[in-house]
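Take a look at the structure below.
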Amino acid sequence: MASSKEYLHYIMDQFDNSVPIRSRAMMGEYILYYHDKVIGGIYDDRLLIKPTKSVLALISEPEYESPYEGAKDMILVTEMDDASRMTKLFEAAARDLPAAMSKKNRSKS
């Protein structure tokens, strides 16, 4: 089952325009970027975020789910109506993740 644009808009509407978040459609789902780092995505109308050390420090009992068969488990975000909490989770994930490779550097690997 693919994710709906309505669900994507619902998630994106939780943030004000000053939050550096963007999405990219990919195979019926949506990858989410925060400060140009992949922090998670929307899969089957579920918001999943990478389980980084800082994210795990903010969630007392994380619920893990797989975005798709064969993928690493991610954390299911269930409290989407709290913009402040969502921003903290996204900031935590971005803090722990490496900077994105530039297109120029990707072509060398």
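The rows are residues; the columns are (1) surrounded by 18 or more Cβ atoms within 10 Å (Cβ to Cβ); (2) small (G, A, S); (3) closer than 15 Å to R85 by Cα.
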| site | (1), (2), (3) |
| --- | --- |
| Y7 | no, no, no |
| R24 | no, no, no |
| Y30 | yes, no, no |
| Y34 | yes, no, yes |
| K37 | yes, no, no |
| I42 | yes, no, no |
| I49 | yes, no, yes |
| A57 | no, yes, yes |
| E65 | no, no, no |
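Scoring K108 on the criteria (1) surrounded by 11 or more Cβ atoms within 10 Å (Cβ to Cβ); (2) farther than 14 Å from L48 by Cβ; (3) modelled with pLDDT under 90 leaves a single failure, condition (1).
Could you look through region 1-37, keep only residues that are at pLDDT 90 or above and among the small types (G, A, S), and pick out the one that is nearest to R95 (Cα to Cα)? Here the residue is S23. The residues in region 49-84 that are of a type outside the set (A, V, I, L, M, F, W, C), outside any loop (DSSP other than H, G, I, E, B), closer than 28 Å to S18 by Cβ and modelled with pLDDT of 90 or more can be counted, and the count is 2. Contact map, region 75-87: first residue closer than 14 Å to S60 by Cβ, second residue in a helix (DSSP H, G or I), Cβ cut-off under 6 Å, separation 6 or more or different chains; pairs are E79/R85.
The values are calculated or read from the model by the stated rules, or taken from the named source; none is laboratory data. All values derive from a computational prediction rather than experimental measurement. Please note: Cβ atoms are built from the backbone with ideal geometry, for glycine as well, and neighbour counts cover all protein chains shown.
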